[in-house]
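First the structure, in the form of structure tokens, and then the observations on it.
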Ligand code: HEC
């Protein structure tokens, strides 16, 4: 019996050296490559390729406009991709690639990773460059339909709201304004002073 157990132990150790109990396996290089598709703001991860605004417009018409509208204005409640400039501090900010997003690399990465909705990762690298160029055009970042975006000129187009993103500074800007939580001699009752109902905040 002991011999059998020993043999079993050696077998499992040989078959799966890194996993206790023999569960799981090491990911293959192809699997790692398939997951490793993120594009960094400094351009790391971008594949070779290029595409013009004009080509992007065609692909957009066929594969994106049904939801996002011909000009990125958004059909019904589908997301708006263009405009909304100067609205971030208003009561109803319109957050788009042009008004809100910090990096062009996020556009490339997002479209490549997740769009078209329902058929993600079906676009070629050239199509993603062309679509990114078209979204830049819709957001007035470039104004020439022949403009070609490529790996080589990708970093030349910082987005307007890059400076709107910064490290969390609440420990110095907000926390000092909060008073200590009340631990003794606090209010004895809590009263509701207002209700949202009747104010019509939620549409029927
Ligand atoms: C079937 C509808 C549909 C189609 C077609 C579609 N999208 Fe989208 N798109 C969405 C939805 C829904 C979201 C939001 C997804 C989420 O927030 O999880 C989105 C989000 C986006 C965003 C991010 C918007 C933001 O500000 O958060 C971009 C950029 C985008 N889509 C580009 C494209 C491009 C380019 C195509 C064509 C290749 C495309 N989409 C096709 C539905 C669609």
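Taken together, the values in this text are just the output of simple stated rules run on the coordinates, not laboratory data. On a predicted model such as this, the values are computed, not experimentally measured, just so you know. We place every Cβ from the backbone using ideal geometry, glycine too, and count neighbours over all the protein chains shown.
Tabulated values for the structure
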{"item": "Residue match in the stretch 150-165 (condition: in contact with a strand residue (DSSP E or B) (Cβ under 7 Å, 6 or more places away or on another chain), surrounded by 11 or more Cβ atoms within 10 Å (Cβ to Cβ) and outside any loop (DSSP other than H, G, I, E, B))", "result": "yes"}
{"item": "Yes/no for residue 74 being within 11 Å of the ligand (Cβ to nearest atom), outside any loop (DSSP other than H, G, I, E, B), surrounded by fewer than 19 Cβ atoms within 10 Å (Cβ to Cβ) and free of Cβ contacts under 8 Å to residues at least 24 places away in the same chain", "result": "no"}
{"item": "Matching residues in the stretch 80-93 - criterion: being over 30 Å from residue 33 (Cα atoms) and either within 10 Å of the ligand (Cβ to nearest atom) or loosely packed, with under 13 Cβ neighbours inside 10 Å (or both)", "result": "80, 82, 84, 86, 89, 90, 91, 92"}
{"item": "Subset of the stretch 32-71 that is over 19 Å from residue 159 (Cβ atoms), part of a loop (DSSP other than H, G, I, E, B) and more than 16 Å from the chain's Cα centre (by Cα) - its residue that is farthest from the ligand (Cβ to nearest atom)", "result": "48"}
{"item": "Residues that are assigned to a loop (DSSP other than H, G, I, E, B), within 21 Å of residue 43 (Cα to Cα) and near the ligand (Cβ under 10 Å from one of its atoms), drawn from the stretch 100-140", "result": "100, 101, 115, 123"}
